[in-house]
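Below is one structure, written out as structure tokens; the observations come after it.
Laboratory data are not the source of any read-out in this text; all were calculated from the coordinates shown. These numbers were taken from a predicted model, which means no experiment stands behind them. Counting neighbours? That spans all protein chains shown, and the Cβs are built from the backbone with ideal geometry, glycine included.
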Amino acid sequence: MKTLQDYIRQHALTTPDKTAFVVGDQRVSYKQLAQALSEDRGDKQGSALPGLPGTLPIHRLFGDITLSTTGTTGKPKQVVYTSQMVLANAENLVEAQGFTADTTFVICGPLNHLGSLSKVWPVMLVGGTVVLLDGLKDMNAFFRAMHTAPRGMATFLVPTAIHQLLQWGSGKLAELASAIDFIETGAAPMPHDDMLRLCQLLPHTRLYNTYASTETGVVCTYNYNDGLCLPGCVGHPTRHAQVKITDDGHIACRGPMAMSGYRDDEAATARTMQDGWVVTADLGTLDDEGRLHFKAREGDIINIGGFKIDPLKVEEAARQVSGVDDCVCVVSDSPIFGRCLKLQYVSTSGQPLPKPLLARSLAARLEPYEVPRLYEHVEQLATTFNGKKLRTRSTSK
């Protein structure tokens, strides 16, 4: 069976001088990359990409690597990715999203997380180019990178990053409409209003919502710039993936791109694996056309007074309120209300909004038990290292 390394060596023979990686002013050709592969020992001191800062050992990119995940219980676990898993994930994305040798893919996230690392694999498979950025801290650097080629540009952005670009760089995004081939998002649900706005700015660009995790690999993807823009839809299973919904509503996946278990943790493996299926903590449905719809992560569902509340629904409603730019719904402990919902929000004006206005507006959109009791204006929302909103328990002020 061929590996991703085999494809890289093949590109080194057919297109030796083509750029495989760009980091700042440094470029690595496929010939240089293949040479580094031949010298790599697979240990912590293994060969780094030639000409680049020595922080990217080859074995950390192309197979037989270990990725960390919090799994379904919040405790750190290790998932070993074999060369076969890496190739299966690469083939899933190439076929489902249309990667080609002309693809120049801009990566803004950390390569120790599947969301970004998994985009390196399909680009290397087809012989395209990867542009690595140090996060999205410098929006101008991102737009300069997206001007690398006149066509075939692509990128992966978490929903929070897309929201920031829509807020501060929508004009520059629109200017790139003819150059951007596709944009993928994942790691967290994307607000429907941001989906609609991005479709308007980039009418001819493929815009993908993808369902993936460290345990499952890349499972489903959906081009929501299809005229329907279905909220919560993450599409049909990719080439190697199979998906089902368990009797209690959980999303379960299997295929060569998925793990066979956690490293050195038989108990956690037994809780997650059932007859070869990876049973996730995510709740979802399959529609009549076989498309997967993500509903909620079981651990995010909030129980208040016996009522089960989906915080994503509350946040979607809050973003429809005039003056609310972004928000997160969390659990709070209040001396007045006890355990209750709290909405932390960022306003478009930078100033707090009247709490009665917020409560009335949400009451018109939600069930009474879904309306937060507490409201907190913040300058920015806290996020994890890969852009997910932090939903930690809060204490009222």
Task: Order by protection proxy (mean Cβ within 10 Å, highest first), peptides 240-250, 157-167 - done: 157-167, 240-250
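Where both partners of a DSSP beta bridge lie in the chain, what percent of those bridges are antiparallel, to the nearest 5?
The antiparallel fraction comes to roughly 65 percent.
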Task: Value at 222 nm in deg cm²/dmol, rounded to 500, when DSSP H runs of n ≥ 4 in the chain each add -39,500 (n - 2.57) - done: -8000 deg cm²/dmol
- [ ] Just name one of 238, 114, 323: the one whose Cα is farthest towards the positive end of the charge dipole of the chain (beta-carbon charges, Lys/Arg +1, Asp/Glu -1).
- [x] 323
- [ ] Please order 19, 238 by the number of other Cβ within 10 Å, starting at the fewest.
- [x] 19, 238
Open item on the list: Helix check for the chain. Which DSSP H runs span at least 18 Å along their own axis by Cα, with a mean Kyte-Doolittle hydropathy no less than -0.5?
Closed with: 83-97, 114-126
- [ ] Report, in cubic angstrom per residue, the convex hull volume of the C-alpha atoms of segment 301-395.
- [x] 97 Å³
Open item on the list: As a footprinting exposure proxy, order 309, 336 by other Cβ within 10 Å, with the fewest listed first.
Closed with: 336, 309
Open item on the list: Under the rule of at least 5 residues apart or a separate chain, name every residue whose amide H is placed under 5 Å from the amide H of residue 347.
Closed with: 325, 378
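Starting with the fewest neighbours, write out 202, 343, 4, 357 ranked by other beta-carbon atoms found within 10 Å of each beta-carbon.
357, 202, 4, 343
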Open item on the list: Is there a quick way to get the dipole size of the chain? I mean about its Cα centre, with the Cβ of Lys and Arg at +1 and of Asp and Glu at -1; what is the value in debye to the nearest 20?
Closed with: 620 debye
Task: Farthest positive-ward along the chain dipole, Cα basis, beta-carbon charges - from 65, 259, 92 - done: 65
